[in-house]
Amino acid sequence: MKKVFFIVGLMLSVSMFGIFASGSSDSRSNKSTGKYAGKTIGFVGMTMNNEYHITLAKGAIAESKKLGIKVDVQAGKQHSSADEQLAIIENMIANGVNGILLVPSSSEGLEAALRQCKEKNIPIINLDTKLTTEVVKKVGINVPFYGTNNYEGAKLAGEYVAANFPRDTKTAILKGIEGQTNNADRYNGFVDGAKGTIKIVAEQNANWEVDQGYVAAQNIISANPDVKLFFCENDNMGIGALRAIKDAGMQGKIKIMGFDAVSEALNLVDSGDFVSTVAQLPAEMGRYGVINMCKIFDGEKAEQYIDTGTKLILQKDVAAFKEYLAQFK
C-alpha cells in the first residue's frame with residue numbers, strides 16, 4: 001500500500017487553469033502527444049460548482065499537460081447528479097475514450113455505466129468518493145481508488161472536540177448524500193473520535209450543498225436552541241449553517257467544524273467563525289489518477305490504493321495551507 005502524506009511546501013508547482021463550465025467538457029484540455037498520441041482520458045467529476053472538485057480536476061489537467069496526454073473534463077451540475085454522470089460516461093464511451101477517472105455521485109446510479117466500461121475494456125480509476133464494494137463486486141471489475149481516508153480525517157475533528165469541549169456538548173451533524181461512503185465515513189470518524197464527549201441532538205442530510213445546509217441548520221436551531229456545535233461533513237454545509245446561525249442571532253454561541261478546506265472555509269477558520277476544517281489534497285488525487293492511468297496504457301499495473309492524506313486545519317495552520325492551494329488558482 002502506498003501512502004502519500006500531507007506535507008505543505010514539498011508539493012510541486014503546476015500550471016494554473018480557469019474555472020470549468022458545469023456539465024460541459026473543458027475546452028482547454030491538451031491534445032495527446034508523443035507515445036500517448038490519440039489517447040484520451042475522460043475525467044467525470046461530481047460537480048464543478050464546488051471549489052474542492054474544481055481543484056481536483058485542475059490537478060488532473062496539470063499532470064496531463066506534463067505527460068502529454070489529453071484529458072476531457074466533464075461533470076454534473078450538482079453533487080447528486082448521477083443521471084448526468086451516467087449520460088456523460090455513455091457519451092465518452094461512444095466517443096472512444098481510453099480510460100475514465102471517476103468521482104462518483106452515486107454507486108448504484110452508475111452501475112450501468114460501469115458495466116459498459118467493462119464490456120468495452122475501458123479502465124476506471126476511482127477518485128475522492130469511493131464506489132461501494134457491493135457495486136464493484138456485482139459488476140465484477142477491479143477499480144483502484146485514490147483519495148482521502150475520510151474516516152481518519154473526521155476522526156481528527158472528533159479528537160479535537162474530545163480534547164477541547166466539555167462533556168455532553170450538544171451537537172448537530174449535517175450529513176452528505178445518503179449511501180455515499182464519504183458520508184458514512186465522516187460521520188463515523190467524527191463520532192468515534194469524540195469518544196462520548198458529544199451528545200447528538202440532531203442530524204440531517206443536506207447533500208453537500210450550501211442552501212440545504214442553511215435550511216437544515218435553521219430547522220435544527222429552531223428545534224434545539226441549546227445546540228452548541230455543528231459538525232458539517234463538508235464546508236459547503238458549514239457555510240450554510242453559519243448563515244442560519246447568524247440569522248438566529250447565535251453567532252459565537254454555536255461552534256462550527258467543517259471538512260474540505262476550501263478557500264471560504266479557510267477564511268472562516270482564520271476569522272474564528274469556524275473552529276476548524278479538515279484539509280484534503282484533491283489536486284493530488286487528480287494527479288495520481290492521470291499518472292496511474294498512463295501506467296495502465298503502458299501495460300503496467302496501477303497503484304491499487306493511494307491515501308492522499310488529511311490534516312485538521314486550525315487558525316494557526318491557515319496560512320500554510322493557503323500557500324499550497326495557491327498553486328491551483
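The values are calculated or read from the model by the stated rules, or taken from the named source; none is laboratory data. Since we're looking at a predicted model, the values are computed, not measured. Cβ: placed from backbone, ideal geometry, glycine included. Neighbour counts: every protein chain shown. These accessible areas exclude ligands, DNA and RNA; they are computed on the full protein's heavy atoms, side chains included. Shrake-Rupley method; radii C 1.70, N 1.55, O 1.52, S 1.80 Å.
From (1) closer than 10 Å to Ile313 by Cα; (2) free of Cβ contacts under 8 Å to residues at least 40 places away in the same chain; (3) among the polar types (S, T, N, Q), pick out the condition that doesn't hold for Ser276.
(2)
Against the condition surrounded by 20 or more Cβ atoms within 10 Å (Cβ to Cβ), under 20 Å from the mean Cα position of the chain (by Cα) and touching a residue at least 12 places away in the same chain (Cβ under 8 Å), how does Ile291 come out, does it pass?
For Ile291, the condition - surrounded by 20 or more Cβ atoms within 10 Å (Cβ to Cβ), under 20 Å from the mean Cα position of the chain (by Cα) and touching a residue at least 12 places away in the same chain (Cβ under 8 Å) - is not met.
For region 234-268, name all the residues that are within 14 Å of the chain's Cα centre (by Cα) and at positive phi.
Correct list: Asp260, Ala261.
For a quick check of your reading: which helices (runs of 4 or more DSSP H) sit entirely within region 228-329 and have at least 1 residues that are modelled with pLDDT of 95 or more and in contact with a strand residue (DSSP E or B) (Cβ under 6 Å, 6 or more places away or on another chain)?
In region 228-329, 235-247, 263-271, 282-297 are the helices (runs of 4 or more DSSP H) which contain 1 or more residues that are modelled with pLDDT of 95 or more and in contact with a strand residue (DSSP E or B) (Cβ under 6 Å, 6 or more places away or on another chain).
Any residue that is part of a helix (DSSP H, G or I) and of a type in the set (Lys, Arg) - is there at least one of those in region 145-162?
For region 145-162, residues part of a helix (DSSP H, G or I) and of a type in the set (Lys, Arg): present.
Leu110 - would you say it is closer than 13 Å to Phe43 by Cα and in a helix (DSSP H, G or I)?
Here the answer is no, as Leu110 does not meet what is asked.
Name the one entry in Lys246, Lys138, Lys199, Lys228 that is of a type in the set (Lys, Arg) and buried (at least 16 other Cβ atoms within 10 Å of the Cβ).
Lys228
From the list Ala157, Ala172, Ala162, Ala184, exactly one residue is in contact with a helix residue (DSSP H, G or I) (Cβ under 7 Å, 6 or more places away or on another chain) and open to solvent by 20 Å² or more (accessible area, probe 1.4 Å). Which is it?
Ala162
Quick one: count up the residues across region 194-227 that are over 16 Å from Asp168 (Cβ atoms) and not in a strand (DSSP E or B).
Going through region 194-227 one residue at a time, the tally reaches 19.
Test Gln204 against the criterion of being within 21 Å of the chain's Cα centre (by Cα) and either open to solvent by 60 Å² or more (accessible area, probe 1.4 Å) or more than 25 Å from Asn49 (Cα to Cα) (or both), and give yes or no.
Taking the combined requirement at face value, the residue satisfies it.
Quick one: which residue in Gly96, Gly109 is loosely packed, with under 15 Cβ neighbours inside 10 Å and either touching a residue at least 12 places away in the same chain (Cβ under 8 Å) or in contact with a Pro (Cβ under 6 Å, 6 or more places away or on another chain) (or both)?
Result: Gly96 is the single residue among Gly96, Gly109 that is loosely packed, with under 15 Cβ neighbours inside 10 Å and either touching a residue at least 12 places away in the same chain (Cβ under 8 Å) or in contact with a Pro (Cβ under 6 Å, 6 or more places away or on another chain) (or both).
Checking the condition modelled with pLDDT under 95, among the hydrophobic types (A, V, I, L, M, F, W, C) and within 20 Å of the chain's Cα centre (by Cα), which residue from Leu131, Leu101 passes?
Going through Leu131, Leu101 in turn, just one is modelled with pLDDT under 95, among the hydrophobic types (A, V, I, L, M, F, W, C) and within 20 Å of the chain's Cα centre (by Cα): Leu131.
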